[in-house]
Amino acid sequence: MSVNITLPDGAVRAFDHPVTVAEVAAAIGPGLAKVALAGKLDGKLVDTSHRIDADARLAIVTDKDADGLEILRHSTAHLLAYAVKELFPDAQVTIGPVIDNGFYYDFAYKRPFTPEDLAAIEQRMAELAKKDEPVVRRVLPRDEAVAHFKGLGEHYKAEIIGSIPAGEDVSLYREGGFEDLCRGPHVPSTGRLKHFKLMKVAGAYWRGDHRNEQLQRIYGTAWATKDELQKYLTMLEEAEKRDHRKLGRELDLFHLDEHSPGTVFWHPKGWTVWQEVEQYMRRVYRDNGYLEVKGPQILDRTLWEKTGHWQKYRENMFTTESEKRDYALKPMNCPGHILIFKQGIKSYRDLPLRYGEFGQCHRNEPTGGLHGIMRVRGFTQDDGHIFCTEDQILDECVAYTALLQKVYADFGFTDIIYKIATRPEARIGSDESWDKAEAALMQSLERAGCAFEISPGEGAFYGPKIEYTLKDAIGREWQCGTIQVDFSMPERLGAEYVAEDSSRRHPVMLHRAIVGSLERFIGILIEQHAGAMPVWLAPVQVVVASITDAHADYAQDVAKSLQKQGLRVQLDLRNEKITYKIREHSLQKVPFILVVGDKEKANGTVAVRARGNQDLGVMALAGLAERVLADIAHKT
């Protein structure tokens, strides 16, 4: 029996008998055989031990491939469970998936794991990896697998397998004395797992349901090389220094309180940053043809039923009742904008019609998912909706991408990733409409000169979308902006315009947000700039500090002069050493500290220190003001 294997470069390898993926790799070269982690057989990932008995297309997967890195991480999750069972035989294993940059595994154990336990587990993982034990797959009927794990005392694993339809087979992977349920594929042997680290332990509910028992989740990270692991750990150290929650406290920007979980208490300095962002975005609306609107917070249940939110999103909505009517706090602004659009007769001449709103929304996020001001229950969006014809989608998307790039650049972000999410299997609307919408999104990015990725099937049921993801100063990615094409909601809520032929038609609705949640975006800004906000966003732009009481009057005059020019100025007349004042305001990351003493008072000047311990020397007040105002104007 001959088998022809077509490789990615088009070359064909012929074998006179069935072969494994590992044997194909060895035939190509011993170097490839050493690094092969899996195979991609006719587009499907398989183990290197997989037997090929018919002609097929095959790519050898190594740790340089995204698929290979995911396999490394999944296999390391199994290695973690192996080590835990070795050290804590009474622990029960549950699930252990791959996540961004790593993996986790949930365990049921009689006591909390300690930091010392974590260190011991990691050490045991390294020892098991060095043994280079083969990872072997076998297949069992479902009921036999259930009995197998019940016999091991692994009741959680047996429950998982029991939820698989009767009559199906399941695959198990064994390494040494440990066997786990998994679809695979996995690395050929534990020796391939070298560069990993356990990060932390957290609580997690069985099957993600708070009504179930609480488990312990061990998080870890794994990489292809030692250098990549170290770079990631260094990035995490830097991220910890930039943590917006820590900086929010230190810089007195905001706080979070159990009296209102998932919402933000903004302090004066933090609210100043908020207002700068909001007023900037308000100018963006005004200068780009948007009409600012404001909708109510609470809307009747019947509206949410028409949009489909009540049926599909109800558990994430805050609801209330009054006079035997059900209401919900709005989780998004779109339906309100349609109700505004419906007031009065609209003509094709009125389109495109662009509405913008700083709309406050509420979503009932689970407590475990809340994260500082990045993930909250109450948030405000720079939400916009464009009502247009199908023929106008392309031009609107082109203009929107250019606008978004300008806004992001002003906030200090120039590295943007573009993705187009295309039609899912379950969708509404004609193929013709989807073709037109997807083509418009792709053409809009092509016209803007933006390389983009396709996310097949990731669009909403009502239309495709572009997702705009920012890369920050330490390489993290934040998905913020989006523009979504919606054929459905205007029709569901009866929005119409009078077309050129006098017929009534439903407009296309483009949902768009640039910064998205203002809370989250400000959190991103804090971490991007490590709290040292650009001058135009800094809550305090200039501090005027006197050396002694004798200079207080002059310091006040300097402060008043700068305030009249629109600067945010703080006056420090305290009876403290000037070195103490400088240090304190430096820790508060104030862009400019002006020191005034005898010489400065006599000459009408100021001694200037810029953020970063830069001594700019003595300057005339007018020159200093010009410098600061120029920084603000140029968003530096």
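The values are calculated or read from the model by the stated rules, or taken from the named source; none is laboratory data. Because the structure is a prediction, the values reported are computed rather than measured. Because the Cβ atoms are built from the backbone with ideal geometry, glycine has one as well, and the counts that use them run over all protein chains shown. Calculation scope for accessible area: heavy atoms of the full protein, side chains included, ligands and nucleic acids excluded. Shrake-Rupley method; radii C 1.70, N 1.55, O 1.52, S 1.80 Å.
Can you work out D for segment 201-259 in µm² s⁻¹ from Stokes-Einstein, where Rh is the Kirkwood radius over C-alpha pairs, the temperature is 20 °C and the viscosity is 1.002 mPa s?
Numbers: Rh = 14.9 Å.
Estimated diffusion coefficient is 144 µm²/s.
Using the Cα centre of segment 330-451 as the reference point, and only Cβ charges (+1 on K/R, -1 on D/E), how large is the resulting charge dipole? Debye, rounded to the nearest 20. List each step's numbers first, then the result.
On the way: 14 positive and 17 negative charges, 100 e Å.
Once rounded to the nearest 20, the dipole reads 480 debye.
Per residue, how large is the accessible surface of segment 452-509? Use a 1.4 angstrom probe and give square angstrom. Intermediate values should be presented prior to the final figure.
Working: 2470 Å² over 58 residues.
That works out to 43 Å² per residue.
For segment 268-323, give the magnitude of the charge dipole about the Cα centre (Cβ charges: +1 Lys/Arg, -1 Asp/Glu; no others), in debye to the nearest 20.
Details: 9 positive and 9 negative charges, 42 e Å.
Rounded to the nearest 20 debye, it is 200 debye.
Please name which of H50, H155, P261 has its Cα lying farthest along the dipole of the chain towards the positive end, using unit charges on Cβ (Lys, Arg +1; Asp, Glu -1) and the Cα centre as origin.
The Cα lying farthest towards the positive end belongs to P261.
How high is the relative contact order of the chain, in percent, counting Cα pairs under 8 Å that sit 6 or more residues apart? Intermediate values should be presented prior to the final figure.
Values: 1170 pairs, mean separation 54.3, N = 636.
Rounded, it is 9 percent for the chain.
Give me the one-decimal Kirkwood hydrodynamic radius in Å for segment 301-360, with the sum taken over alpha-carbon pairs.
Working: mean 1/r = 0.0749 Å⁻¹.
So the Kirkwood estimate lands at 13.4 Å.
Leaving out ligands, DNA and RNA, and with a 1.4 Å probe, what % of the accessible surface on the chain is carbon or sulfur? Before the final figure, lay out the partial values.
Working: 14930 of 30470 Å².
Solvent-exposed carbon and sulfur of the chain make up 49 percent of the total.
For segment 288-434, calculate the relative contact order in percent as a whole number, restricting contacts to Cα pairs under 8 Å that are 6 or more residues apart. Could you put the intermediate results ahead of the total?
Values: 146 pairs, mean separation 31.3, N = 147.
It rounds to 21 percent for segment 288-434.
Taking the inverse of the average 1/r across all pairs of different Cα atoms in segment 505-561, what Kirkwood radius in Å do you get? Before the final figure, lay out the partial values.
Values: mean 1/r = 0.0646 Å⁻¹.
Evaluated on segment 505-561, it is 15.5 Å.
Given the chain, what whole percent of its Cα pairs are spread farther than 48 Å?
Numbers: 62043 of 201930 pairs.
More than 48 Å apart: 31 percent of the Cα pairs in the chain.
What's the whole-number percent of alpha carbon pairs in segment 299-425 lying beyond 25 angstrom? Don't skip to the answer; put the middle values down first.
Numbers: 3520 of 8001 pairs.
Summing the P(r) tail past 25 Å for segment 299-425 gives 44 percent.
Among C361, C480, A460, which residue has its Cα positioned farthest towards the positive end of the charge dipole of segment 331-480, with +1 placed on the Cβ of Lys and Arg, -1 on the Cβ of Asp and Glu, and the dipole taken about the Cα centre?
C361
If you take the Cα Rg of segment 37-83 and divide it by 2.2 N^0.38 Å, with N the number of residues, what do you get?
Working: Rg = 12.1 Å, N = 47, 2.2 N^0.38 = 9.5 Å.
Rg over 2.2 N^0.38 Å, computed on Cα atoms: 1.27.
Where does segment 485-619 land on Rg(C-alpha)/(2.2 N^0.38 Å)? The partial results should precede the final answer.
Working: Rg = 25.5 Å, N = 135, 2.2 N^0.38 = 14.2 Å.
Dividing the Cα Rg of segment 485-619 by 2.2 N^0.38 Å gives 1.80.
Given Cβ point charges of +1 (Lys, Arg) and -1 (Asp, Glu) and nothing else, what value in debye, to the nearest 20, does the dipole of the chain about its Cα centre take? List each step's numbers first, then the result.
Working: 82 positive and 92 negative charges, 248 e Å.
Roughly 1180 debye, rounded to the nearest 20.
Using only the Cα atoms of segment 100-248, what semi-axes does the equivalent ellipsoid have when each is the square root of 5 times a gyration tensor eigenvalue? Give whole Å, largest first. If you can, show how the numbers build up before the last one.
Details: eigenvalues 188, 92, 40 Å².
Here the semi-axes work out to 31, 22, 14 Å.
May I ask for log10 I(q)/I(0) of segment 190-232 at q = 0.21 Å⁻¹, from a Debye sum over the Cα atoms as equal point scatterers with solvent left out?
-0.70
For the Cα atoms of the chain, what angle does the longest principal axis make with the long axis of helix 621-633, in degrees from 0 to 90, nearest 10?
40 degrees
Give the residues of segment 51-91 whose amide nitrogen is closer than 12 Å to a point set 7 Å from the Cα of L32 in the direction of its Cβ.
58-62
Return the inverse of the average 1/r over all pairs of distinct C-alpha atoms in segment 354-481, which is the Kirkwood hydrodynamic radius, in Å to one decimal.
Details: mean 1/r = 0.0612 Å⁻¹.
After inverting the mean inverse Cα-Cα distance, the result is 16.4 Å.
Counting heavy atoms of the protein chains only and a 1.4 Å probe, report the per residue accessible area for segment 24-124 as a whole number of Å². Don't skip to the end; give the middle numbers.
Numbers: 4580 Å² over 101 residues.
Averaged over the residues of segment 24-124, the accessible area is 45 Å².
Report the local net charge at I161: Lys and Arg +1, Asp and Glu -1, summed over other residues whose C-beta lies under 10 Å from its C-beta. Show your work: numbers first, answer last.
Numbers: positive: R142, K150, K157; negative: D143, E144, E154, E159, E168.
The answer is -2.
How high is the relative contact order of segment 262-343? Use alpha-carbon pairs under 8 Å, at least six apart in sequence, and give a whole percent. Before the final figure, lay out the partial values.
Working: 44 pairs, mean separation 20.6, N = 82.
This gives 25 percent for segment 262-343.
Which value in nm describes the separation of the simple spin-label points at R282 and E321, placed 7 Å from the Cα toward the beta carbon?
4.0 nm
Could you list which residues have their amide H under 5 Å from that of Y205, counting only those 5 or more apart in sequence or on another chain, with H placed in the peptide plane?
Amide H to amide H, under 5 Å and 5 or more residues apart or across chains, Y205 pairs with L215.
Working from Cα positions, state the angle (0 to 90°, nearest 10) between the long axis of helix 431-447 and the longest principal axis of the chain.
It is inclined by approximately 60 degrees.
When the helices in the chain are scored as -39500 (n - 2.57) per DSSP H run of 4 or longer and the sum is shared across all residues, what 222 nm value do you end up with, to the nearest 500 deg cm²/dmol?
After summing the helix terms and dividing by residue count, I get -11000 deg cm²/dmol.
For segment 460-558, report the convex hull volume of the alpha-carbon atoms normalised per residue, in Å³, without decimals. The partial results should precede the final answer.
Working: hull volume 19.3 nm³, N = 99.
Once divided by residue count, the hull of segment 460-558 is 195 Å³.
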